[in-house]
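Colleague: Quick one: this structure, given as structure tokens, is what I'll be asking you about.
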Amino acid sequence: MGIFLWIISTMLLLFLFILCSSVRIGIHFLREGENDRLGIDFQWLFGLVHIRREYPLVDWKGIFTGVAVKEETELGQVGKPLKVKRKSVNASTIISWYQSYRRFLKNFHDVKVIMKTFMNHIRLEKLEWFSRIGTGEAADTGMLTGVIWGIKTMLVGSITRYLKLRTVPRLNVVANFQFSTLTTEFTCIVRFRVGYAMLAGIQLLFNRQKGREKPWQNILSKV
């Protein structure tokens, strides 16, 4: 009996530890010249679980053919890709993503409310967005710089409205009046506790609807 209680207590403590543990997600995007690179870094349990994915955009082939993407996955601190695969992202891919999103909203009730509540528990630890632009014409460059500033301010304002700020966002747009150029670097780090993510998942599970009914309503109707 004593061993049984010890096992139960250990499992409960482990479960509470997992609930209170936090997940750290870092996003880094760099466009420099003709090269684009997106990196996503996932860390959990103080770095014991560490997954890094890199997405170099290899070849742009047009709006319908899309862009070829090479995905490199690293696990831990090994430093060598565990898996490298190529895939194409085009207009059909984006439409498919949008249709999946619409089906998700249709199949679950109060998704926006649940996600907004979850996002209020996400801590924004770092947000930096630096750009250097130039068109070769001073007037056009000045106007474009103002437009980019406005877009950045609007997007960052929308993001920070839902997340808990732990840092001051750093934005900058540098105008290059001498020659045509486009360089941008975006870095974002967020952290949230696993317990809040699990709670949001449970809420979505119990708000899955068949027609307009929730699962428990559907069960009661059959009793």
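Colleague: What is the distance in Å between the Cα centres of the stretch 99-157 and the stretch 1-45?
Modeller: 25 Å
Colleague: Determine the relative contact order of the stretch 108-201: mean sequence separation of Cα pairs under 8 Å and six or more apart, normalised by residue count, in whole percent.
Modeller: Taking the mean separation of contacting Cα pairs over the length of the stretch 108-201, I get 50 percent.
Colleague: Pull up all non-local amide H partners of Ile122: gap of 5 or more, or a different chain, and H-to-H distance under 5 Å with H placed in the peptide plane.
Modeller: Sorted by chain and number, the residues that satisfy this are Lys164.
Colleague: Among 182-188, 12-18, 167-173, how do they line up by average Cβ neighbours within 10 Å per residue, starting with the highest?
Modeller: The packing order, highest mean first, is 182-188, 167-173, 12-18.
Colleague: In a shell of Cβ-Cβ distance under 15 Å around Pro169, excluding Pro169 itself, what net charge do Lys and Arg (+1) and Asp and Glu (-1) give?
Modeller: Counting the neighbours of Pro169, the net charge comes to +4.
Colleague: At a 10 angstrom cut-off on C-beta neighbours, averaged per residue, how do the peptides 109-116, 122-129 rank from highest to lowest?
Modeller: Highest mean packing first, the order is 122-129, 109-116.
Colleague: Here is a follow-up. Within a Cβ distance under 11 Å of Ile189, other residues only, what is the Lys/Arg minus Asp/Glu net charge?
Modeller: Values: positive: Arg24, Arg123, Lys126, Arg166, Arg191; negative: Asp41, Glu125, Glu128.
So the surrounding residues net to +2.
Values quoted throughout were computed directly from the atomic coordinates according to the rules given, and no laboratory measurement underlies them. Only a predicted model underlies this, so the values are computations on that prediction, with no experimental measurement involved. Please note: Cβ atoms are built from the backbone with ideal geometry, for glycine as well, and neighbour counts cover all protein chains shown.
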